[in-house]
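The values are calculated or read from the model by the stated rules, or taken from the named source; none is laboratory data. This one's a predicted model, so the numbers in the text were calculated from it and none came from an experiment. Glycine also receives a Cβ, built like all others from the backbone with ideal geometry; neighbour counts cover every protein chain displayed.
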Amino acid sequence: MQRLLSSLAAHPLALVCAVLALSVLAAATLFDARTGQIRLRVDPSLERLLPPQDEDRALFDRVRALFGETDPVLLAVELGNVYTAGNIERIDRLTRRLAELEGVRQVVSIANVQNPVADEFGINLSTFAAQARADPAAVAGFAQQVADNPIYRDALVSEDGRVAAFALSFADLDETRFRAEDYTGRIRAMAHEITGAEQVWVTGSPVIKAATTDAILRTLKFTIPAIFALVVILLLAAFRSLPTVVFAALTVALAVLWTLAIASALELSLNLVTTLVPVLVATLCLAYTVHVLAEYFHPRRPEQQRDRLERVYRRMGASLTLSGATTVAGFLALIPGSLPAVAQFAALSSLGVGLSVLLSLLFLPALLTLIGPQGGRRPLGAAMFARKARKLAVFDLKWRNWIIAIAVLSLPVDLYYASKIRVGTEYINGFDADQTVRVDYEAINSAFGGANLVSILIETYVNDALTDPALIREVESLQDWLEEQPEVGATVSYVDHLKLINRNLNDGDPAFHRIPDDATAVKQLLVFGGSDEIRRVIDSRFRTALIAVRIRVDASIEIAEFVRRTESRLQKMSPPLNGQVTGSPVLATRTVNEIASGQLTSLLVAFAVIWAMLALMFTSVRSALLSMLPNALPVALYFGTLGALDITLSPTTSLIACVVLGIAVDDTIHFLTRFNHDARAKASEKAAVKSALASVLRPVTFTTVALALGFLVFTGSELRNQVQFGALAAFTIVLAWVSDVTLTPALGSRLRIVTLWDILRLDLGQSPQHTIPLFSGLSLRQARVFALMSRLETHPTGARVINQGDSARDIYVVVDGTLQVWVERNGDRKALAAMARGAVMGEAGYFGQRRTANVDALTPVRLLRFDSQDLERLRQRYPRIAAVIYRNLNRIQAERLARATAMIQ
């Protein structure tokens, strides 16, 4: 990999040209050149977040196939008094005009429904409008006739008689066209024009979905420019170089462009979950660019541009790659068992993170090198951050045990409050109170006892079973139970139609408003007395029926509770009756629960994957576990906060934990990577904590500010779920920062980190396990692990390595070069031995004796130095390697003692 990075560093122009060429291709994929419009679609449907083969979704589709559209658009017009001849005529004209709209299959209103009344010729089945035209005086009786009709009562006219309702069903009109052609606005304008009413309300699933799509698009138009404004402000403040700001903003823009272009090429739609991806990718890419720029402009001796580029690749390659990999792992943990929308969110976010890492690591430094901008004025706050880092390091080391104890003890408290979290979301209440879509919904919900429609499918699988009076009475009993529920405004079923037909065919006698006692009579009434409307509640074979239920509630928790009670009641029905609850609100609620219920599994997978990656990179299970604690703590605090403040876990807020876990571990990795380097260079963990914190505090703080502000951009959204996501994600990111600048250094002071990257690039010469006796019996990897737990030093020719008479406890192993061991005798230098690769020296000092000879470098040498603390640390973390090293030390000592004894003899 290092060779690949060096090769790229040698050709920055080719790298930049390749990236720009791919960006042109991405732009052509994402944007339509003729219209300039983005090719990505927005799909706000919650029910379509369920997989196509889902049983609940299949049931919903089957009900619509059997009984027609169950989610009509509802139009309500306030007329003062509906029951006047003039208003009935206006309602009739509006009904006919609405029916002429392209795509409208049927319009139902008080004007065009039948009003069965008895006259001298029998039963008059003409409509209310026809009766009003024939006899305007008849309108005076309409109010009582509607009140006596459970199908029309509080459904087509409000209880106070002031508001008329219209139900529009559509055929072959998808939601995209409904929104694009502004059917909501056209319906509203038509109602104002024909009726002259000041108050007109429009709601229904298509209307709400169109409003949600508009809100999502407006949010994207606001958030993405806002993110780029943050990019410019933060980078300009941090690095004070306009070219740097431009290049970093370009990097962020390309990461978002490439991600959305791939989504467009795969024909993926942005939904309520995946709409978070563009801002998330932009924010993460900004964080990566800050780390890269901090390294690129790190104050060092003057360098050639190519040398600086190679240094960035060398120093940032491991940490940035591992940071991106752990973030991707956090996202991918959302996939197992997830709904398609969550899986798409995880996949697109992972893709965006990977592209962000590549562009930040490769493209941005190459562009800076090619154009050649130098750093601007002194970086903002550099001196202040250095002072704060020193004080913070002293605090972390002084109160190390308390910091660790508080972190560990807070976990069970957080878990206790997390156990109180409720799963749910609000649909219409997700809009601001003054939003037209919410105002209209609440007005119709209040006027007509419910604007949400739920369907209960009754199936028997037996022809004519639903003409059995005993079964009909059971369905009627279920209806009565439903109307007693606090969430229910009204219900309609074929039982209501049957009783009305029976009454109307018996001269309107109220005594006959009941279920006939004979199945044959029931079937005759349904066949010969029913209108077309009855086919919307019972099939032609009388084996399947539908109960239409209007509910007043909108929050998923309340809907879920109603569904739970209803399903429990349906289980009590006698065979062959079988009942199931469906409808858009039910599917949406189940989707919410499905998304949030996989939270524990996703988190466990994320923790396991990230821990495994850290264990591999740090070559230690223990180090990986300890490094996970600073990242587990903010996640636990997040869930504890939700439970303590009674904030529900919604489809968007359920994503925060895995997202933050993947992001928060980045800062931990950056600190530990720097700590690893400094610990070996300074030979002191405490000194390494101070220097590492001084090095990373500023970029980590800037990235935290960038991430927090990036998430806070969502608080400008019109949708409450996105506002909650932004605020809670920013809150948790700040918690992660606090954990990383306190708990991570406290834990780091107890660690000696060895990374896989260090192992792979450490040079101990050819076959050290065979050419260095101390490493005999070890593998190449194990030899490198020991070397990294020790200190690798270089000395020039003539350097004094050991002074005779010094008190020291270090042992040296010669890796390369030649040294001479000598003593001074009567003013003369007496050479005792020459030591080359594999030789061990200084063991006398290790066992408490003073140095017995001088050792000088005859050539440039590389030495491996270790002491008793290094060996004890090795014993704790790698006991098998330590056992072999101890054995080899004993063997070397025994051989040296044997030689000395032989010389004496």
Considering each of Val813, Val821, Val801 in turn, give the residue that is under 20 Å from Gln849 (Cα atoms), surrounded by 19 or more Cβ atoms within 10 Å (Cβ to Cβ), in contact (Cβ under 8 Å) with a residue 60 or more places away in the chain and not polar (S, T, N, Q).
Val801
Checking the structure you have, find out if any residue of segment 376-391 is touching a strand residue (DSSP E or B) at 6+ places or on another chain (Cβ under 9 Å) and modelled with pLDDT of 80 or more.
no
Exactly one of (1) surrounded by fewer than 16 Cβ atoms within 10 Å (Cβ to Cβ); (2) among the aliphatic types (A, V, I, L, M); (3) over 15 Å from Lys499 (Cβ atoms); (4) modelled with pLDDT of 85 or more is unmet by Ala521. Its number?
(3)
Determine if segment 727-737 includes at least one residue that is assigned by TED's automatic domain parsing to the domain that holds Phe228, closer than 20 Å to Trp399 by Cβ and either without any contact (Cβ under 8 Å) to a residue 40 or more places away in the chain or buried (at least 23 other Cβ atoms within 10 Å of the Cβ) (or both).
yes
Can Thr321 be described as modelled with pLDDT of 75 or more, under 21 Å from Ala287 (Cβ atoms) and surrounded by 24 or more Cβ atoms within 10 Å (Cβ to Cβ)?
no
Filter segment 487-498 down to the residues that are more than 14 Å from Arg569 (Cβ to Cβ) and in contact (Cβ under 8 Å) with a residue 40 or more places away in the chain and list them by number.
Gly489, Ala490, Val492, Ser493, Tyr494, Asp496, His497
Test each condition in (1) touching a Gly at 6+ places or on another chain (Cβ under 6 Å); (2) surrounded by fewer than 18 Cβ atoms within 10 Å (Cβ to Cβ); (3) under 27 Å from Gly765 (Cα atoms) for Arg850 and report the one that comes out false.
(3)
Out of (1) surrounded by fewer than 18 Cβ atoms within 10 Å (Cβ to Cβ); (2) under 23 Å from Arg564 (Cβ atoms); (3) in the same structural domain as Thr544 (by TED's automatic domain parsing); (4) not hydrophobic (A, V, I, L, M, F, W, C), the odd one out for Gln479 is which?
(1)
If we take segment 140-215, then helices (runs of 4 or more DSSP H) inside it with 1 or more residues that are among the β-branched types (Val, Ile, Thr), in contact (Cβ under 8 Å) with a residue 60 or more places away in the chain and in the same structural domain as Ile88 (by TED's automatic domain parsing) are 175-180, 183-195
Please specify each residue of segment 437-467 satisfying the condition of being over 24 Å from Glu484 (Cα atoms) and in contact (Cβ under 8 Å) with a residue 12 or more places away in the chain.
Val437, Val439, Asp440, Thr460, Tyr461, Val462, Asn463, Asp464, Ala465, Thr467
Of the listed residues (Val700, Val723, Val713), the one being surrounded by fewer than 21 Cβ atoms within 10 Å (Cβ to Cβ), modelled with pLDDT of 80 or more and not small (Gly, Ala, Ser) is Val723
State the number of residues belonging to segment 405-458 that are part of a loop (DSSP other than H, G, I, E, B) and under 29 Å from the mean Cα position of the chain (by Cα).
12
Is it true that some residue in segment 661-678 is part of a helix (DSSP H, G or I), β-branched (Val, Ile, Thr), under 28 Å from Pro225 (Cβ atoms) and at pLDDT below 80?
yes
Can you find a residue that is in a loop (DSSP other than H, G, I, E, B) and either touching a residue at least 60 places away in the same chain (Cβ under 8 Å) or charged (D, E, K, R) (or both) anywhere in segment 558-569?
no
